[in-house]
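The values are calculated or read from the model by the stated rules, or taken from the named source; none is laboratory data. Note that the structure is a prediction, hence the values are computed from the model and not measured. Because the Cβ atoms are built from the backbone with ideal geometry, glycine has one as well, and the counts that use them run over all protein chains shown. SASA here: full protein model, heavy atoms, side chains in, ligands and nucleic acids out. Shrake-Rupley method; radii C 1.70, N 1.55, O 1.52, S 1.80 Å.
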Amino acid sequence: MKPALSFPAYRAPRWLPDGHSQTLWPLLIKPRPLPLRRERWPTPDGDFIDVDWLDGPRDAPLLVLFHGLEGSSRSHYAIATARACRQQGWRLALPHFRGCSGELNQRPRAYHSGDSAEIDWILRRLQTLNANRPVHAAGVSLGGNALLKWAGEQGPAAPARVTGVVAFCPPLDLAACGHALACGFNRIYTRHFLHTLKQTSARRLQHFPDLFDRQRMLRATTLWQFDDAVTGPVHGFSGADDYWQQSSAKPWLRQIAVPTLTVNPKNDPFLPADALPTAAEVSPLVRLEQPASGGHVGFVGGSFPGRLDWLPQRLLHFFLHETS
């Protein structure tokens, strides 16, 4: 990877003093969504995903952004990235993981943090649509973990698919993340995730009555309990521990052979700082940025009430100046 042109390291404004305020404030200042074009793609196993597009000239660079847990193209980071891509003249593809586009998918499976096979299928199709040119690939939170895992699994084959990889706040160690979200104030995030996860899972159970134990799902108050009852068994794992161990991207970072940037704030409530990788644990092509602040996909900048442009600008800078 060539030496990076200077880009300002992230620093939170003084009026957002901690990881929780930096995580939650973007929800209150989310920009207005741009109009996007939606495509429905049939999957090889008889299901579908929905992809929202910011169109542009066919020869313009193409960025794909994979969203986080229970996210969508209407998540604040997706809207901010779409606005930055429009200003830069880039095209943007925002694939929804199964069940996240507002309509229940048709197969028993949903999506999960290690869903690198789905990432591979999406990237292959995007490359075909992009006249067999590689695309720029980025992911946020869960989407970033799955994308990094894909890059590690692909090894030297990845550069044929993507120019580089960027991941913001990926939960690289799912066990550390899951246990952190079960403690203290962090339980507010768990309750938020479980609210929508349980609703969607209950609807899926109406179509596939024997898919998992409904009462265990309803009793879940932690992500470990939900993943042990639902996510793990539905996706072929023996339970939450097996799912978390097999799906964490951290062990794959040594195998990455494409220019990669990971941004993990040390005050992210979702992932303790002591679980972050060191330079000795990653490939030479992986650039670790671990700012002191930022929260979980917060990155608010400017004077009150703040802007959400640091994340998309950091992403664009990486692909424009740091990948070749």
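Please give the FRET efficiency for Phe304 paired with Asp59, using the beta carbon to beta carbon distance and R0 = 56 Å, rounded to the nearest 0.05.
The value I calculate is 0.85.
Please give the residues of region 297-324, grouped as numeric ranges, whose backbone N is less than 20 Å from a label point set 7 Å along the Cα-to-Cβ vector of Arg14.
Of the residues in region 297-324, 299-307 have backbone N under 20 Å from the label point off Arg14.
Let's test the formula: R0 of 56 Å, r as the Cβ-Cβ distance of Arg133 and His195. What FRET efficiency results, to the nearest 0.05?
Computed FRET efficiency for Arg133 and His195 comes out at 0.85.
I'd like the Karplus ³J(HN,Hα) series for region 174-184: coefficients 6.51, -1.76, 1.60, θ = phi - 60°, whole numbers in Hz, and an x wherever there's a Gly or Pro.
So the Karplus estimates, Gly and Pro as x, are 5, 5, 4, 5, x, 6, 5, 6, 9, 10, x Hz.
Given a 1.4 Å probe and the protein chains all in place, what does the accessible area of Phe48 round to, in Å² to the nearest 10?
Accessible area, nearest 10 Å²: 10 Å².
Please list the non-local residues whose amide H lies under 5 Å from the amide H of Val166, H modeled 1.01 Å from N, same-chain partners needing a gap of 5 or more.
Correct list: Ala137, Ala138, Gly139, Leu261.
At a Cα cut-off below 14 Å, give the aspartates and glutamates reachable from Lys30, other chains included and same-chain residues fewer than 8 away excluded.
Lys30 reaches Asp309.
In units of 2.2 N^0.38 Å, what is the alpha-carbon radius of gyration of region 51-136? Walk me through the numbers before you get to the answer.
Working: Rg = 13.2 Å, N = 86, 2.2 N^0.38 = 12.0 Å.
Relative to the 2.2 N^0.38 Å estimate, region 51-136 comes out at 1.10.
For region 139-148, what does the Karplus curve 6.51 cos²θ - 1.76 cosθ + 1.60, with θ = phi - 60°, yield as ³J(HN,Hα) per residue in whole Hz, taken in order and with x for Gly and Pro?
Values per residue, Gly and Pro as x: x, 10, 6, 3, x, x, 5, 4, 5, 5 Hz.
Express the relative contact order of the chain as a whole percentage, based on alpha carbon pairs under 8 Å and six or more residues apart in sequence.
Values: 652 pairs, mean separation 78.2, N = 324.
Over the chain, the number comes to 24 percent.
When ligands, DNA and RNA are left out and all protein chains stay put, how many square angstrom of accessible area per residue does region 207-267 have with a 1.4 Å probe?
Spelled out: the 1.4 Å probe surface of region 207-267, per residue, equals 47 Å².
Roughly how many Å² is the accessible area per residue of region 48-95, as a whole number, for a 1.4 Å probe? Before the final figure, lay out the partial values.
Values: 1570 Å² over 48 residues.
That works out to 33 Å² per residue.
Could you check the spin-label model distance between Leu28 and His321? Points 7 Å from the Cα along Cα→Cβ, value in nm.
Roughly 3.3 nm, to one decimal.
Expressed as a whole percentage, what fraction of the accessible surface of the chain belongs to carbon and sulfur atoms when a 1.4 Å probe is rolled over the protein heavy atoms?
Using a 1.4 Å probe with all protein chains present, the chain comes out at 53 percent carbon and sulfur.
Could you calculate the FRET efficiency of Asp47 with Arg187 from 1/(1 + (r/R0)^6), where r is the beta carbon distance between them and R0 is 35 Å, rounded to 0.05?
In this case the efficiency is close to 0.60.
What aspartates and glutamates could a cross-link reach from Lys149, if we take a straight Cα to Cα line under 15 Å and drop same-chain neighbours fewer than 8 places away?
Leaving aside aspartates and glutamates fewer than 8 places away in the same chain, those within reach of Lys149 are Asp115, Glu118, Asp120, Asp173, Glu281.
Taking the alpha-carbon centroid of each part, what is the distance from region 81-133 to region 210-250 in angstrom?
Result: 24 Å between the Cα centres.
Using the Karplus curve 6.51 cos²θ - 1.76 cosθ + 1.60 with θ = phi - 60°, what ³J(HN,Hα) values do you get for each residue of region 16-33, in whole Hz, with x for Gly and Pro?
Here the 3J(HN,Hα) series is 10, x, 8, x, 6, 5, 5, 6, 8, 4, x, 5, 8, 10, 4, x, 6, x Hz.
Pick from Tyr243, Tyr189, Tyr77: which residue has the top mean-square fluctuation in a GNM of the chain where Cα pairs under 10 Å get a spring?
Residue with maximal mean-square fluctuation among Tyr243, Tyr189, Tyr77: Tyr189.
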